[in-house]
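Notes for the one structure printed next.
All of the numbers you see were taken from the coordinates with simple rules; none came from a lab. Here the structure is a predicted model, which is why all the values come from computation and not from measurement. Quick reminder, even Gly has a Cβ in these numbers, built from the backbone with ideal geometry, and neighbours come from all protein chains shown.
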Amino acid sequence: MNEDNVGKILDVVYSNDRLDFFQLMKDIELSNEELTGQQFGQDIEIIKNGLDVMYSIASHFVWTLNSPYIANLPRGVTAIFSAFHKNMFAFYSALRLVRMGFYGAARMNMRHIFEALLIAKYCSVSHSVDIYERWKEGDMVYLSKGVLRKIASPDTSAFNEFWGLLSDFTHATVYAQQVSLNIRNIKNDIDVSFIFLRMLLDCQYHLLNTHLITPSMEYYTKRYRKHGYMVPELRKKMRNLLINSNKSLIDRPKEIIRNYKAEWKIIS
């Protein structure tokens, strides 16, 4: 690591006079992490604090998932908890990638987060178990045909638009990944990526708070938890955090959040 490069604007340039590729990338990571911390510190804190709070809330209730004879678990519980749990890893890695300037790779993780959120909520609210059974068997779940087209309301056009945008970065098209790591050139892409993560954070909390945690799980956790029941305080903290986060969002991200949190009517 060249500490003199930390905080400087760097990029990949093909030249025999340069460092080895791997060392150059490490220098770019450290430099970009310093610069994004300076320019997007509030976004980073919102996402970090939101993940911390959700982890704390989930930690109160996860024990009940192994106690189905004690608490009533939600419909589609395996898909819901899998989505929440794996998404926590994906959020962490996406945040790290964006901070280091790798917004293209981060968008692939964001696509996973979004697809998992949609499938999990569908399994929670649909009276049909077809998608849930396909998911449990490891079969392909076609998001458009199997989930989005089955939602009668709310309108899913914003979901389709956002999913398509993330897919552009996933498949090897002309739009895939990125061509620069120069923070000056990619500042808008970094900014948009933090907006995406804040939007998905709100949806992830909805999945946890509304679809994973049941009243029965709450009752028995309050009754048997030995180390104090901090959920009301944690929920208040999360509400305030999301209110602060959503103030600066424009209409389309707010629409995605609103429609994800709305009551879904499913076509039979």
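Quick rundown of the values:
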read-out	value
Prolate/oblate/rounded call for region 211-264, Cα gyration tensor, a/c under 1.5 rounded	oblate
Charge context of Q42, other residues only, Cβ under 14 angstrom, K/R +1, D/E -1	+1
Pairs of Cα atoms farther than 25 Å apart, region 43-158, %	33 percent
Three-way shape call for region 159-268 based on the alpha-carbon gyration tensor, with the a/c threshold at 1.5	prolate
Integer Hz, Karplus 6.51/-1.76/1.60 couplings in order for region 88-98, x for Gly and Pro	4, 5, 5, 4, 4, 5, 5, 4, 4, 5, 4
Amide hydrogen neighbours beyond the local backbone of I151, cut-off 5 Å, H modeled	I267
Range of Cα positions in region 101-199 per principal axis (Å), largest first	49, 27, 20
Relative packing of 224-232, 70-78, 190-198, which averages over residues the other C-beta atoms within 10 Å, highest first	190-198, 70-78, 224-232
Angle in degrees between helix 187-206 and the longest Cα principal axis of the chain, rounded to the nearest 10	10 degrees
Degrees separating the helix 41-61 axis from the principal Cα axis of the chain, which is the longest one	30 degrees
Relative contact order (%) - the chain, alpha-carbon pairs under 8 angstrom, separation at least six	29 percent
Hz values of 3J(HN,Hα) by residue in region 135-151 - Karplus curve (6.51, -1.76, 1.60), Gly and Pro given as x	4, 5, 7, x, 7, 5, 9, 7, 4, 5, 6, x, 10, 4, 6, 8, 8
Chymotrypsin sites (Phe, Trp or Tyr not before Pro) lying in DSSP loop within region 140-186, provided at most 12 other Cβ fall within 10 Å	Y142
Inter-site label distance for R134 and K247 at 7 Å from Cα along Cβ, in nm	4.3 nm
Listed residue pairs exceeding 18 Å between alpha carbons, taken from K121/K261; K86/K121; K86/K237; K86/K236; K187/K247; K187/K254	K86/K237; K86/K236; K187/K247; K187/K254
Between 0 and 90°, nearest 10: helix 21-39 axis offset from the chain longest Cα axis	70 degrees
Calculated from backbone phi, Karplus (6.51, -1.76, 1.60) coupling profile of region 76-82 in Hz, x at Gly/Pro	x, 4, 5, 5, 5, 5, 4
Cα gyration tensor of the chain - equivalent ellipsoid semi-axes, whole Å, descending	36, 23, 17
